[in-house]
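Data first, discussion second: the structure below is written as structure tokens.
The values are calculated or read from the model by the stated rules, or taken from the named source; none is laboratory data. Computed from a prediction, not measured in an experiment: that's the story for all the values here. As a convention, Cβ positions derive from the backbone with ideal geometry for all residues, glycine included, and neighbour counts pool all protein chains shown. Please note that ligands, DNA and RNA were not included when accessible areas were found on the heavy atoms of the full protein model with its side chains. Shrake-Rupley method; radii C 1.70, N 1.55, O 1.52, S 1.80 Å.
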Amino acid sequence: MRKKTFLEKAAAVPHIVWIVMFIAAPLLFVIYFAFTDANGTFTFSNILNLSNYGEIFLRSVLFALVATAVCLLLGYPLAYCMSRLKPSTQKAVVLLLMLPMWISLLIRTYSLLALLDNGGLLNSLLDKFNLPAVKIVGTRGAVILGMVYDFLPYMVLPIYTSLSKLDIKYFEAAEDLGCSRIATVFKVALPLSKGGIISGITMVFVPSISTFYISQKLGGGRFDLIGDTIERQFLMNNNKNVGAAISLVMMILILISVAVMNRFGDDDGGEIIV
Amino acid sequence: MEKTKVIDLKGICKSYGGDVVLDNIDLYIRDKEFVTLLGPSGCGKTTTLRIIGGFETPDKGDVFFDGVRINDVPPYKRHVNTVFQRYALFPHLNVFENVAFGLRVAKVKNNEIVKRVKETLELVNLKGFERRSVATLSGGQQQRVAIARALVNNPKVLLLDEPLAALDLKLRKDMQNELKALHDRTGITFIYVTHDQEEALSMSDTIVVMANGKIQQIGTPTDIYNEPKNAFVADFIGESNILDGVMIEDYRAKFAGFVFKCLDSGFEKNEPVDVVVRPEDVDIVPVDKGMLKGTVTSVTFKGVHWEIIVDIQNFKWMIQTTDYCAPGSEIGLYIEPDAIHVMKKSEFSGMFGDYSSYSEEFDTLSAPEEQETAHEVAGE
């Protein structure tokens, strides 16, 4: 390989500084705090005491799994239909889908709250028609709904990308060989967009499991998730050691799940677009 | 005995956004026939095939399959299978599963699937390739898988959309023979689309020549070659000198300032016509014995023969001969009556059949030193 010139090396410096300062250093801090107590002495107690949070971990994983599954079930048909539209219409729909992603997650969650809350838009509408109010905020369903609402584009876009790259000839060949339209989806589109599905799952599951705001607001504070617990440890309990330990375990959980997903999608994994 | 019509197209019209692709196509295809749709790109041949396959619906006209109108029948309900251009093999399936695809969809029993896939793979000379991934196959092998994938379903009609276009010349010739043999062995009707006239001539029972969305001529390969209907067909199939002429009376045609005996009749007296003379049908004779005389302007060595361009009264003739003539020399031409074919005037008259641009084309296409060596070889 050609030796890199000084300039080429210099060009990498800002990037390296960035990585060291904002990725590597915080990571080291997390590890340091996870294995020390308030006085800075080395200890395993933070990690060992994590069993107290077992229920929260389990709930987070469960919520994230359900949200991911719902996103996949809603997102795949949407992505498929998008990929079969006229090219000009496709662009418009993609734009519509990306639009909410330009708005802060917090604002989006708040607006969902404003819609669904007891005195929110939905219930005041129901009241107008003399219908009984529905209680959504504060239920498990509301938390899942929030996750699905916030993360659905991350499922749709990678699947749409891989579907729109598929040669139309594959669909014609399947139809030619006797597949109905529906059968074509299952026998051709689904297996050939596996890469997109896998990145979609990863991109929804990871933020869902680590989110710390949706559940607080839409769950009415009744369903503690890992993200909320970490936030509380740092900001309210001022116990950064336990918070760091939980973060560390969560990071490992995420790494494992990403590794598992990558194993499934070994042939053409990353379709990630953001 | 008259064979039955499997496919019958009646008055098919199709246009895309104002561009007429097919203009009133009438065509029927008999059972077990090998029919080739031949024409330059954009002539509507692939659209015709896609209409038969069900991937396009005609704007006007009807498609009949075994006497039943199938305009609105979707592709998956037609007893027709397609070999796609560039194959469209499923990349997520291996060779066996690609071929088994149609049978699995039709819910054929597993042991029957194994048997039929094996037989079909043997038929296309791919025994032992069952477990291979399609991405590891060469172009020719992928082509065979695509053919097997279609054939295994025992279609009544097999549609082939330029299946050999992506293969190199040698392989293409081999596959032509194999396809022809497959057709004979299976007894399936083949509808073959190509722009390669040689392919069409060597494989087909019937050739359908298309241009500008219309059928120009339907006939056997020999008919099409020997009795082209108009200047387009004469030019597209093989090489031809097409001259402006007048039919003086039956069996006497005047062109290039000379009255020739010919075998054509049925024209009006002094009717303007197009006259076709194939380059291989012209004999070179000494100047004083020739019916026509001219100057050789260029000579190209083609292996089997020399291709010479002769200027006769400013019309450039192409002549294929095994006798070498030096550029600049004067020669005489002799044309037998059966070498002359007279055609009615058509919309294509005057557009084809003159080789005056030929030598210029040659100049611009080949590098100067190549041309020099060509002349050296010619001089020996």
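Taking all protein chains in place and a 1.4 Å probe, what share, in percent, of the accessible surface of region A:75-180 do carbon and sulfur account for?
70 percent
If I model a spin label at A:ILE23 and A:GLU55 as a point 7 Å from the Cα along the Cα→Cβ vector, what separation in nanometres do I get?
The two pseudo-label positions are separated by 3.8 nm.
Do you know the relative contact order of region A:54-264, to the nearest whole percent, from alpha carbon pairs under 8 angstrom that are 6+ apart?
27 percent
Select from B:VAL304, B:VAL246, B:VAL276 the residue whose mean-square fluctuation is largest in a Gaussian network model of chain B (Cα-Cα springs shorter than 10 Å).
B:VAL304
Can you give the accessible area buried between chains B and A, summed over both chains, with a 1.4 Å probe, in Å² to the nearest 100?
For chain B against chain A, roughly 1700 Å² becomes buried.
How high is the FRET efficiency from B:ARG252 to B:VAL304, r the C-beta distance, R0 22 Å, rounded to 0.05?
Efficiency at R0 = 22 Å is approximately 0.05.
Tell me the carbon and sulfur percent of the accessible area for region B:5-226, rounded to whole percent, probe radius 1.4 Å.
Carbon and sulfur together cover 48 percent of it.
Using helices alone, I'd like the mean residue ellipticity at 222 nm for chain B: each DSSP H run of four-plus residues gives -39500 (n - 2.57), total over residue count, nearest 500.
Estimated from H runs of four or more residues: -8000 deg cm²/dmol.
Who wins for biggest fluctuation among A:ASP127, A:ASP117, A:ASP37 in a Gaussian network model of chain A, springs between alpha carbons below 10 Å?
With Cα springs under 10 Å in chain A, the top fluctuation among A:ASP127, A:ASP117, A:ASP37 is at A:ASP127.
Which angle between 0 and 90 degrees, to the nearest 10, do you get for helix B:95-105 versus the longest principal axis of chain B when only C-alpha atoms count?
Roughly 70 degrees between the two axes.
Got a sec to turn the phi values of region B:307-324 into Karplus ³J(HN,Hα) couplings, 6.51 cos²θ - 1.76 cosθ + 1.60 with θ = phi - 60°, whole Hz, x for Gly and Pro?
Coupling constants for region B:307-324: 10, 10, 9, 10, 8, 10, 6, 6, 9, 8, 8, 9, 10, 9, 8, 8, 9, 6 Hz.
Using only atoms on other chains, find how many Cβ atoms lie within 10 Å of each Cβ of peptide B:86-96 and report the average.
4
Run the numbers for B:ASP26 and B:VAL259: contour at 0.36 nm per residue of separation, minus the present Cα-Cα distance, in nm.
So the chain would gain 80.0 nm between B:ASP26 and B:VAL259.
Could you sort A:ILE182, B:ILE331 by their accessible area in this structure, using a 1.4 Å probe and putting the largest first?
These residues rank, largest area first, as A:ILE182, B:ILE331.
How well do other chains shield peptide B:74-83, expressed as the mean number of their Cβ atoms within 10 Å of each residue Cβ?
Per residue, the average neighbour count from other chains is 4.
Give me, ordered by chain and number, the residues 5 or more places off B:SER329 or on other chains with an amide H under 5 Å from its own placed amide H.
Amide H to amide H, under 5 Å and 5 or more residues apart or across chains, B:SER329 pairs with B:VAL296.
What distance in nm lies between label points placed 7 Å from Cα along the C-beta direction at B:LEU171 and B:THR222?
The two pseudo-label positions are separated by 3.4 nm.
B:ILE7's amide H: which non-local residues (gap 5+, or another chain) put their own amide H closer than 5 Å, with H modeled 1.01 Å from N in plane and none for Pro or chain starts?
B:ILE29, B:ASP66
Can you give me the Cα centroid spacing of region A:67-106 and region B:100-118 in angstrom?
If you average the Cα positions of each part, the centres end up 38 Å apart.
Suppose R0 equals 60 Å; then what is the FRET efficiency for A:ASN130 and A:LYS9 from their Cβ-Cβ distance, rounded to the nearest 0.05?
Result of the calculation: an efficiency of 0.25.
Can you compute the FRET efficiency between B:VAL287 and B:ASP59 using 1/(1 + (r/R0)^6), with r the Cβ-Cβ distance and R0 = 41 Å? Round to the nearest 0.05.
Once the sixth-power term is evaluated, E becomes 0.10.
Please sort through the DSSP H helices of chain A and keep those with an alpha-carbon extent of at least 15 Å along the long axis and a Kyte-Doolittle average not below -1.0.
Sorted by number, the helices that extend far enough and score high enough are A:6-19, A:54-83, A:87-98, A:105-116, A:140-164, A:194-210, A:240-264.
Suppose all protein chains stay in the model; what accessible area per residue would a 1.4 Å probe give for region B:5-226, in Å²?
That works out to 42 Å² per residue.
Go through region B:67-79 residue by residue and turn each phi into a ³J(HN,Hα) via Karplus (6.51, -1.76, 1.60, θ = phi - 60°); whole Hz please, and just put x for glycine and proline.
x, 9, 6, 10, 3, 9, 7, x, x, 6, 9, 9, 7
Could you tell me the number of lysine pairs in region A:54-264 with C-alpha atoms less than 22 Å from each other, where the two lysines are 8 or more residues apart or belong to different chains?
9
Please give the length that would be gained between A:ARG108 and A:LEU85 if that part of the chain were fully extended, namely 0.36 nm times their separation in residues minus their C-alpha to C-alpha distance (nm, one decimal).
Contour length minus Cα-Cα distance gives 5.5 nm.
Please compute the per residue accessible area over region A:123-274 with all protein chains in place, 1.4 Å probe, rounded to a whole number of Å².
Per-residue accessible area for region A:123-274 comes out at 46 Å².
Using a 10 Å cut-off on Cβ to Cβ distances, tally the other chain neighbours for every residue of A:174-186 and report the average as a whole number.
Per-residue shielding by partner chains comes out at 6.
Check cross-link reach from B:LYS254 to the lysines: straight Cα distance under 18 Å, and skip same-chain residues fewer than eight apart.
B:LYS269, B:LYS293, B:LYS316, B:LYS344, B:LYS345
Connecting C-alpha atoms closer than 10 Å in a GNM of chain B, tell me which of B:THR48, B:THR186, B:THR220 has the biggest fluctuation.
Largest GNM mean-square fluctuation: B:THR186.
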